[in-house]
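The values are calculated or read from the model by the stated rules, or taken from the named source; none is laboratory data. Worth saying up front: this structure is predicted, and the values here are computed from it rather than measured. Cβ placement follows ideal geometry from the backbone for every residue including glycine, while neighbour counts extend to all protein chains displayed. Accessible surface is based on the protein model in full, side chains and every heavy atom, while ligands, DNA and RNA are left aside. Shrake-Rupley method; radii C 1.70, N 1.55, O 1.52, S 1.80 Å.
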Amino acid sequence: PRVELAWAMKAHQHAQVYFNLISSVDPKFLNLTKVDDQIYGEFRKTFRDLKIDVLDPEELKSEPAKEKWRPFCLKFEGVVEDFNFGTLLRLDCSEGYTEENSIFGQ
């Protein structure tokens with residue numbers, strides 16, 4: 001439980017930094033990592049039909065989705081620092097990081 005809380009706190013801190021960045025710069029000119037295009041390309045190959053503007057928590061927690069996430073993350077071992085940490089996601093991309101609009105995915 002303490003480790004999960006520490007990860008959640010770290011994810012929240014990263015989320016605030018990234019949200020400030022994406023809110024102040026046109027996203028088409030913003031790269032958060034050197035491998036953004038690779039990550040997005042692999043993401044779209046793995047999750048072709050996932051609607052990303054408004055996420056459905058039940059769809060993210062489904063068994064088929066869970067079976068895809070781990071192999072997707074493992075592709076970036078040695079490429080992305082903290083590749084296997086959980087991710088704090090906004091459910092609706094048009095809103096900020098709030099308790100109601102966030103989900104922690106692993």
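To keep it simple, each residue is scored yes or no on (1) touching a helix residue (DSSP H, G or I) at 6+ places or on another chain (Cβ under 9 Å); (2) not hydrophobic (A, V, I, L, M, F, W, C).
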| position | (1), (2) |
| --- | --- |
| D26 | no, yes |
| L30 | yes, no |
| D56 | no, yes |
| K61 | no, yes |
| D82 | yes, yes |
| T87 | yes, yes |
Say whether the condition of being of a type in the set (V, I, T), outside any loop (DSSP other than H, G, I, E, B) and under 23 Å from A6 (Cβ atoms) is met by at least one residue in segment 42-53. no
For segment 46-58 the number of residues that are open to solvent by less than 80 Å² (accessible area, probe 1.4 Å) and over 23 Å from L32 (Cα atoms) is 2
Suppose we keep only residues that are part of a helix (DSSP H, G or I) and aliphatic (A, V, I, L, M) within segment 64-106. Which one would you say is surrounded by the fewest Cβ atoms within 10 Å (Cβ to Cβ)? L74
Within segment 17-35, is there a residue that is under 24 Å from E99 (Cβ atoms), open to solvent by less than 60 Å² (accessible area, probe 1.4 Å), among the hydrophobic types (A, V, I, L, M, F, W, C) and in contact with a strand residue (DSSP E or B) (Cβ under 6 Å, 6 or more places away or on another chain)? no
Filter pass, E42 being closer than 20 Å to D92 by Cβ and surrounded by 10 or more Cβ atoms within 10 Å (Cβ to Cβ): no
Collect the residues in segment 21-41 that are farther than 25 Å from V79 by Cβ and assigned to a helix (DSSP H, G or I), keeping them in residue-number order. S23, S24
